[in-house]
Every structure is written in structure tokens, then in C-alpha cells.
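Just so you know, all these numbers are worked out from the coordinates, no wet-lab data involved. No experiment lies behind these values; they were computed from the predicted model shown. Neighbour counts are summed over all protein chains in view; Cβ atoms, including those assigned to glycine, are modelled from backbone coordinates with ideal geometry.
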Amino acid sequence: MSLEVQFQLKPRLVVRSDGLKAADIGSGRRAPVTMALALAIHFDDLMRQGEAANYSDVARLSCLSRERVSQIMRLNYLAPDIQVELLYLPALPTGKYPISEAATRGVANLLGWAAQRQAWMDLKKSHGVA
């Protein structure tokens with residue numbers, strides 16, 4: 001004898017201070033810069049674990065060009081707090097984040113983390129990001 005129970009859960013509507021509804025937080029798409037940073041971390045892990053010896057191997061395994069792998073890997077040079085901020089951006093219905101991956105790579109090109117943090121704050125301010 002089998003028993004089947006069906007029911008529908010209704011999510012409680014909670015609106016956060018940034019205007020997103022709780023139901024929207026897990027839905028939607030991640031910002032391209034978030035996805036690129038996640039790839040950079042993954043590619044770095046591949047190299048650390050010996051599954052890829054260099055960027056050429058990563059490019060072959062990921063079906064990307066070496067140039068694109070190099071661009072993505074550049075995001076690993078961001079200050080740790082900036083990386084955390086980017087990784088924890090909420091999923092948005094459109095997946096569009098005001099700051100592009102290219103602009104973020106410009107911040108990663110700066111040598112010191114203090115300079116990166118200042119450039120990141122300036123970039124966020126210029127794009128109206130809190």
C-alpha cells in the first residue's frame with residue numbers, strides 16, 4: 001500500500017531593505033562578474049590540484065581561449081573582501097549588475113589591496129551601487 005500526500009507551500013513575503021523580496025533572493029540569474037570570479041577560483045583549484053598545468057590546459061579543458069582564461073584568472077588578484085562581496089551578490093531577475101567584469105578586472109590590475117579597495121569604492125559610487 002502506498003500513500004501519496006500533495007500540498008503547496010506559500011512562501012512568506014519578506015521585503016529586505018534593498019527592496020528585494022525574500023522569494024527573489026534565490027531566484028534569477030547571477031551577475032556575469034560573479035560567475036567569472038567563481039570560474040577564476042575553480043580554474044585556480046584545477047591548477048593547484050594538478051589537473052591543469054597552466055592556462056593552456058585550463059583553456060583546453062574549459063573550451064575557452066587562453067586569452068579569456070587569462071582575463072578570468074585576473075579576478076583572483078582582487079582583495080579578498082572584494083571577492084566575497086562579488087561572490088555574495090544576490091541573484092537578480094535580469095542578472096544584470098551595474099559594474100561590468102571588464103571594469104572589475106581594471107580594479108584587479110591595481111597592485112595593492114588598499115588601492116583596489118579605493119578604486120572599488122569609487123567604481124561603485126560612480127555606478128550608483130550601495
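Counting charges near G95 (Lys, Arg +1; Asp, Glu -1) among other residues having Cβ under 10 Å from its Cβ returns a value of +3.
What net charge is computed for the residues neighbouring H42, neighbours being all others with C-beta under 12 Å from the C-beta of H42, Lys and Arg scored +1, Asp and Glu -1? Let's see the in-between values first.
Values: positive: R48; negative: D44, D45, E51.
Neighbour charge sum, excluding H42 itself: -2.
About its Cα centre, the dipole of region 22-126 is roughly 260 debye, where the only charges are +1 on Lys and Arg Cβ and -1 on Asp and Glu Cβ. Once backbone amide H atoms are built at 1.01 Å from N, A52 has M47 as its partners under 5 Å, excluding neighbours fewer than 5 places away on the same chain.
On a full-extension model of 0.36 nm per residue, what is the gain between A103 and C63, subtracting their alpha-carbon distance, rounded to one decimal in nm?
My answer for the length gained is 12.0 nm.
In this rough spin-label picture, where each label sits 7 Å from Cα along the Cβ direction, the A91-I41 distance is 1.7 nm. Here's how it looks for A31: its modeled amide H is under 5 Å from those of L92, which are all 5 or more places away or on a different chain.
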